[in-house]
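Novice: Please find one structure pasted underneath; my questions will follow.
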């Protein structure tokens, strides 16, 4: 069996237009999930991972791990950096510590990414149950 390729990356999170539109449909909606349970990856990094766009990937940090859909980054070359829109899937892998400012750091988290075609993307209820033991 071939060993999966892992790539060390820097995780960035933030708002997107799609995330905002999906949020308006409701956080339990499929539109919202499809807008935030994704990871934008540099096209060259997709090649290094030996995957195609829309393949599931697992993003892991020292704070957690989550499976999301890989999408090509639309913002030009960003080798070594991946982007997950704000939402529960990003929250699963960023540090929850706020250091007294009321907001965790959503930028610059060291992470690893690997192909996860055999793993499902959890829907919101499943993710919350896995992360917090509640729906």
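Novice: Note the full-extension length gain between residue 119 and residue 62 as 0.36 nm times their separation in residues minus their Cα-Cα distance, in nm to one decimal.
Specialist: Working: separation 57, 0.36 × 57 = 20.52 nm, distance 1.97 nm.
Additional length available on full extension: 18.5 nm.
Novice: Restricting to the chain, compute how many DSSP beta bridges are antiparallel as a %, nearest 5.
Specialist: In the chain, approximately 65 percent of DSSP beta bridges are antiparallel ones.
Novice: Let me ask something additional. Would you indicate which of [x] 27.4, 82; [y] 17.6, 59; [z] 14.3, 47 is the value of Rg and Dmax of the Cα atoms in Å derived from the coordinates of this structure?
Specialist: Comparing each candidate, only [z] matches the computed number.
Novice: Using the 10 angstrom Cβ neighbour count as an exposure proxy, how do 51, 41 rank, fewest first? Mind dumping the intermediate values first?
Specialist: On the way: 51 21, 41 28.
In order of increasing Cβ crowding within 10 Å: 51, 41.
Novice: Arranged by the count of other C-beta atoms within 10 angstrom, fewest first, what order do 73, 60 take?
Specialist: Numbers: 73 20, 60 17.
Least to most surrounded, the residues fall as 60, 73.
Novice: Sort 77, 65, 29 by Cβ crowding within 10 Å, fewest neighbours at the top. Before the final figure, lay out the partial values.
Specialist: Working: 77 11, 65 17, 29 14.
So the residues, fewest neighbours to most, are 77, 29, 65.
Novice: While we're here: For the chain, what's the relative contact order in percent, using C-alpha pairs closer than 8 Å and at least 6 residues apart? Don't jump to the answer; show the numbers that get you there.
Specialist: Details: 266 pairs, mean separation 47.0, N = 135.
The normalised contact order for the chain reaches 35 percent.
Since every read-out is calculated from the coordinates, none of them should be taken as a lab result. Just so we're clear, the structure is a prediction, and the values are computed from it rather than from any experiment. As a convention, Cβ positions derive from the backbone with ideal geometry for all residues, glycine included, and neighbour counts pool all protein chains shown.
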